[in-house]
Amino acid sequence: MTRHRISALCLAAALVLTAGAAAAHTGEGVTGGLISGFTHPILGWDHVIAMVAVGLWGAFLGAPAIWLLPVVFPLVMAFGGALGVAGIPLPAVEAGIALSGVVLGILIALAVRAPLWVAAVIVGIFAIFHGHAHGTELPGAANPYAYAVGFVVGTGLLHLAGIALGFLTKLSWGSYAIRAAGVAIAAIGGAFLTGYA
């Protein structure tokens, strides 16, 4: 992959992360549900750091983790979302979400090369907490199916942003940048965990 393609992917990832929510017709029905679900992970920094970290760690681990982890996360997250919509309680959801940033950030910062099944289990456990939060925060007027599609798509884009950043490892200084990003992710997760964010 050329430096121009890496730069383009990083720019696209940055634009996705900074895009604002669309303001037209967001209140009800399928469109409202889709937009609400899509913006929920993108506008919540506790979700952003963890979902970018999943893609980043997958890129660091290489194939097949680069694609498997970003598939496992939304699938298990959808299950957690169904639990939230059904009103099934899950203890310490916010702490689990914050801890996902801390743990995934540390794994990236320390360049941990976990076996694929271990990485999938770690990602899956945290996905349940993220999904549960999405499910319990489902807007009353929104279509739940469209909302679920929206939050899975939003999550997928954040994973792709992490994967795009992970391609920096192809550059001579890239692994240092990725590990520094892991430190930043862990620190932001820690701020959410301790209530400073």
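The values are calculated or read from the model by the stated rules, or taken from the named source; none is laboratory data. Computed from a predicted structure; not experimentally measured. Because the Cβ atoms are built from the backbone with ideal geometry, glycine has one as well, and the counts that use them run over all protein chains shown. Surface areas here come from the heavy atoms of the whole protein model, side chains and all, with no ligands, DNA or RNA. Shrake-Rupley method; radii C 1.70, N 1.55, O 1.52, S 1.80 Å.
Looking only at residues of segment 72-100 that are on the phi < 0 side of the Ramachandran plot and not in a helix (DSSP H, G or I), we find that the one that is surrounded by the fewest Cβ atoms within 10 Å (Cβ to Cβ) is PRO91.
Residue-wise test of (1) within 22 Å of VAL72 (Cα to Cα); (2) without any contact (Cβ under 8 Å) to a residue 12 or more places away in the chain; (3) open to solvent by 40 Å² or more (accessible area, probe 1.4 Å).
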| position | (1), (2), (3) |
| --- | --- |
| ASN143 | no, no, yes |
| PHE151 | yes, no, no |
| GLY154 | yes, no, no |
| LEU157 | yes, no, yes |
| ALA161 | yes, no, no |
| LEU168 | no, no, no |
| LEU171 | no, no, no |
| GLY174 | no, yes, no |
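Set side by side, the residues GLY80, GLY135 differ, and just one is farther than 16 Å from ILE185 by Cβ and in contact with a Phe, Trp or Tyr (Cβ under 7 Å, 6 or more places away or on another chain), which is GLY80.
The residues of segment 101-117 that are part of a helix (DSSP H, G or I) and open to solvent by 40 Å² or more (accessible area, probe 1.4 Å), listed by number, are VAL103, ILE106, LEU116, TRP117. The listed residues are ALA95, ALA14, and the only one of them that is of a type outside the set (Val, Ile, Thr), farther than 17 Å from ALA186 by Cα and either modelled with pLDDT under 90 or more than 14 Å from the chain's Cα centre (by Cα) (or both) turns out to be ALA14. Taking the conditions exactly as written (of a type in the set (Gly, Ala, Ser) and either surrounded by 23 or more Cβ atoms within 10 Å (Cβ to Cβ) or not in a helix (DSSP H, G or I) (or both)), does ALA127 satisfy them or not? Spelling it out, ALA127 is indeed of a type in the set (Gly, Ala, Ser) and either surrounded by 23 or more Cβ atoms within 10 Å (Cβ to Cβ) or not in a helix (DSSP H, G or I) (or both).
Here GLY96 fulfils each of the conditions (1) in contact with a Gly (Cβ under 7 Å, 6 or more places away or on another chain); (2) closer than 19 Å to TRP45 by Cβ apart from (1). Assessment of segment 46-65 against the conditions (open to solvent by less than 50 Å² (accessible area, probe 1.4 Å), in contact (Cβ under 8 Å) with a residue 24 or more places away in the chain and more than 25 Å from PHE167 (Cα to Cα)) yields no matching residue. In this entry, SER36 is excluded by the filter for residues that are of a type in the set (Ser, Thr, Tyr) and under 22 Å from ALA187 (Cα atoms).
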